[in-house]
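Encoded as structure tokens, the structure appears first; notes follow it.
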Protein chains: 2
Amino acid sequence: MSTIRERVAEARRAGLILRNLDGETRNRALEAIAVALNERGEEIEAANKRDRERAESSGLAAPLAKRLKFDAGKREQSIVGVRAIAALTDPVGRVLKRRELDEGLELTQQTTPIGVIAMIFESRPDALVQIAGLALKSGNALVLKGGSEAVDSNRILAEVIAEATVAAGAPTGWIQLVETREDVRALLELDDLIDLMIPRGSNEFVRYIMDHTRIPVLGHADGICHMYLDRAADVARCVNLAVDAKTQYVAVCNTIETLLVDAAAAERLLPPVAAALVEQGVELRGCERSRAIVPEMKPATEEDWATEYLDLILSVKVVDDVAAAVDHINRWSSGHTDAIVTEDAATAEAFLNGVDSASVMWNASTRFADGYRYGLGAEVGISTARIHARGPVGVEGLVTYKWVVRGTGQVVADYSSGTRHFTHRDLS
Amino acid sequence: MSTIRERVAEARRAGLILRNLDGETRNRALEAIAVALNERGEEIEAANKRDRERAESSGLAAPLAKRLKFDAGKREQSIVGVRAIAALTDPVGRVLKRRELDEGLELTQQTTPIGVIAMIFESRPDALVQIAGLALKSGNALVLKGGSEAVDSNRILAEVIAEATVAAGAPTGWIQLVETREDVRALLELDDLIDLMIPRGSNEFVRYIMDHTRIPVLGHADGICHMYLDRAADVARCVNLAVDAKTQYVAVCNTIETLLVDAAAAERLLPPVAAALVEQGVELRGCERSRAIVPEMKPATEEDWATEYLDLILSVKVVDDVAAAVDHINRWSSGHTDAIVTEDAATAEAFLNGVDSASVMWNASTRFADGYRYGLGAEVGISTARIHARGPVGVEGLVTYKWVVRGTGQVVADYSSGTRHFTHRDLS
């Protein structure tokens, strides 16, 4: 039995081969996954049935049990998804910059795979297929840890993917499945072998990963998003946008948790917006100034500004102006997505510039903050980190770059002595 | 007396203002630094003199004492440097992507400052001026820790820069100077306030920083660089390139520490290359196969492959072919810069693709791996990290991006229900 370190080291070695496969070979391997998922459907369903029976007998909560399901329909969706990933533009080997340093001395900055990605996710087995597809497309080796409830589904899916891709030319060992919590703790220590960690799951889980590793983490713990209704806002727009941003899908990270209302327009805007939200079943928790206008609200405490409800609850605060809204957001927002509703372009720009979040929006629902809606193709995740990748991350978030210098014998001594001079001419 | 946390929090608040200054104001503040360095030259020289006298009486080593010097000449260089930074293209607000999501709903991905940068450097006071200029240009607040030998110089320079820039419109507190090792330890804990750490100094020092913080670190500990002489290499090129890469400036990170020689050409290439290096005073430490060809070499042990000498010492190893060279490099290189010398384009491309380092070179000296030589303008540092910024990093490494969505009232519910559809049309 290999240790986790040995298995991740194997992934790293495989990654050095994988990163040099051309885009066509990587796409052929993706198509092989699609074909194998279809051919081995019965095995996969049988394994998933075992997981679900175990879940049922152990009394797993209904929403989790539902996420566990990987039936013919889900499998078909995964196959479509893998083919869509194959159809994406190749993210590897893209030239970002080309520059003549001197005659016969050329610099190219080009994208390359990052190396070894570790992905830790909760129960959904379809996530395994998607992330394996994204890693393969971007030339990265992958270490996966799925939810323990889905152990049989994950095993068969990882096996099907490994076999199909290796037969199609991918290096043995490029995808590794680990299974226990002890394995995860071991992964967190392997900052010499793992280049990027992508945890998907509850806030507490992501926070735990972020707090216990030196490996860079792509993801977000909290999604405390805001919508600010400005004095120059149209009331119908406020109603539509607030209702959509809070209720269109309540348990996700890009849903708003706090509504800020400009004091100069609170009497005009807050009553109809509050009424529309209450009609959708939203519980409102307001500051004193907002409760003076809509007394039916429960009182909000400071804790509410720091809370991601992920539920039909919304905190409401009246603020003096756009600057106060920006200040509140920069203090309390998780830096995920924040929006302003206004018909005043100058106020909108002040907000868009002032708010220091990954996504900022004007007259649009925060729910648009999503890789698919942004047109990024398959979504790797949404990052609230400030470097590398920010906001919704597509497959481009799984590559880095390298510098390639092609010369004809040049030495630095000639440039130091002034015998030769750099031209530094950008090439198209 | 404020605590370190309070001072960094002040920098963070100032950073939220700084990031919204337009490029013109930031450039005016840079010019104000240049003017103030000139006007307050006597004060600065007096402070520097106190540092140097203290250094002398405490017996500071001559190279360190030399680096400490900040006289009229060095000051003039700093002034020229600050003006060169002002002349760089504005790295902030650059549009990376513009996409119509639907009619009246537009997405922009644009560069923004990272936020708060902490820079820790050793004795050179001119580094303080340069990094303050780069931070200001890129709209980032800055926390600085200089070498304790330069405490008087650093204080006056930080004061001059703070006063001049605040008078020119920068927010009070955007630049903070901290002084003790305890302060540095405190900084390492502030991952909620500091976004990026840039340590400059000895390998041990950078390694210490990397190992003791969760803040992303831009930099490199080791520079174990390689040059591989291929069977299809021209012997005169091998001599020139090996001599330049080892001896042009020996104590820097992009100097080679190991020379790999193709077995099929070792008898042809190694004797003249070894002779040229020995003539330059280089001590060679060879593997058994290379000592069979040049017996004068000392024997190398495995430890040599892992050593950054930063001195006139070079390890030499004969390898079977380009694949073996790539394997050796991917195992032992620090991922900084590695080069191949060959006249065979296919072999060169195999090397450039196979070697997983920040910079890879063909028929050029590794000494070209440098921000100035790459034409990046002032250099922030050289990074061996795999994400965010890799290799030589210019001011572009001090920005991140944000997503801005400008809509006209769009809600996600309309796209989920199929009432509306995304156009996802890239705009120029």
Across the stretch A:201-217, the tally of residues that are surrounded by 15 or more Cβ atoms within 10 Å (Cβ to Cβ) and in contact (Cβ under 8 Å) with a residue 40 or more places away in the chain stands at 7
One residue from A:Leu60, A:Leu64 being out of contact with any Lys or Arg (no Cβ under 6 Å at 6 or more places or on another chain), at pLDDT below 95 and in a loop (DSSP other than H, G, I, E, B): A:Leu60
From B:Thr165, B:Thr111, residue being of a type in the set (Ser, Thr, Tyr) and within 27 Å of B:Gly407 (Cβ to Cβ): B:Thr111
I'm trying to understand the selection: among the residues of the stretch A:348-370, which are more than 17 Å from A:Cys253 (Cα to Cα), surrounded by fewer than 22 Cβ atoms within 10 Å (Cβ to Cβ) and out of contact with any Phe, Trp or Tyr (no Cβ under 9 Å at 6 or more places or on another chain)? A:Ala350, A:Asn353, A:Gly354
Would you check if there is a residue in the stretch A:219-230 being assigned to a helix (DSSP H, G or I), crowded, with 24+ Cβ neighbours inside 10 Å and in contact (Cβ under 8 Å) with a residue 60 or more places away in the chain? no
What are the residues in the stretch A:269-290 that are surrounded by fewer than 19 Cβ atoms within 10 Å (Cβ to Cβ) and in a helix (DSSP H, G or I), if any? A:Pro271, A:Pro272, A:Ala275, A:Ala276, A:Val278, A:Glu279, A:Glu288, A:Arg289
Any idea which of (1) in contact with a helix residue (DSSP H, G or I) (Cβ under 8 Å, 6 or more places away or on another chain); (2) assigned to a strand (DSSP E or B); (3) away from chain A (no Cβ under 14 Å) is the one B:Thr165 doesn't satisfy? (2)
Residue list for the stretch B:2-19, filter: within 26 Å of the chain's Cα centre (by Cα) and assigned to a loop (DSSP other than H, G, I, E, B): B:Arg19
Would you check if A:Val294 is modelled with pLDDT of 95 or more and either away from chain B (no Cβ under 14 Å) or under 32 Å from the mean Cα position of the chain (by Cα) (or both)? yes
Kindly provide the set of residues from the stretch B:388-413 that are over 18 Å from B:Gly335 (Cβ atoms), more than 7 Å from chain A (Cβ to nearest Cβ) and either modelled with pLDDT under 95 or not in a strand (DSSP E or B) (or both), ordered by number. B:Gly394, B:Val395, B:Glu396, B:Leu398
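Kindly indicate whether any position in the stretch B:303-315 is more than 30 Å from B:Gly219 (Cβ to Cβ) and part of a helix (DSSP H, G or I).
The answer is no, given that none of the residues of the stretch B:303-315 is more than 30 Å from B:Gly219 (Cβ to Cβ) and part of a helix (DSSP H, G or I).
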Within the stretch B:407-415, can one find any residue that is within 25 Å of A:Gly407 (Cβ to Cβ), in contact with a Gly (Cβ under 8 Å, 6 or more places away or on another chain) and touching a residue at least 40 places away in the same chain (Cβ under 8 Å)? no
Of the listed residues (A:Ala127, A:Ala158, A:Ala135, A:Ala164), the one being on the phi < 0 side of the Ramachandran plot, within 17 Å of the chain's Cα centre (by Cα), surrounded by fewer than 24 Cβ atoms within 10 Å (Cβ to Cβ) and hydrophobic (A, V, I, L, M, F, W, C) is A:Ala127
Restricting the stretch B:359-387 to residues that are part of a loop (DSSP other than H, G, I, E, B), of a type outside the set (A, V, I, L, M, F, W, C) and touching a residue at least 60 places away in the same chain (Cβ under 8 Å), the residue that is farthest from the other protein chains (Cβ to nearest Cβ): B:Thr384
Looking only at the stretch B:323-340, how many residues end up being surrounded by 17 or more Cβ atoms within 10 Å (Cβ to Cβ), more than 23 Å from the chain's Cα centre (by Cα) and more than 13 Å from chain A (Cβ to nearest Cβ)? 1
Among residues of the stretch B:341-358 being part of a helix (DSSP H, G or I) and at the interface with chain A (Cβ under 8 Å from one of its Cβ atoms), the residue nearest to B:Ile329 (Cα to Cα) is B:Gly354
Can you find a residue that is in a strand (DSSP E or B), of a type outside the set (Ser, Thr, Tyr), facing chain B (nearest Cβ under 10 Å) and touching a residue at least 12 places away in the same chain (Cβ under 8 Å) anywhere in the stretch A:113-125? yes
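The values are calculated or read from the model by the stated rules, or taken from the named source; none is laboratory data. Everything numeric here is computed off the predicted structure, so don't read it as measured data. Positions of Cβ are generated from backbone atoms using ideal geometry, with glycine treated the same way; all protein chains shown enter the neighbour counts.
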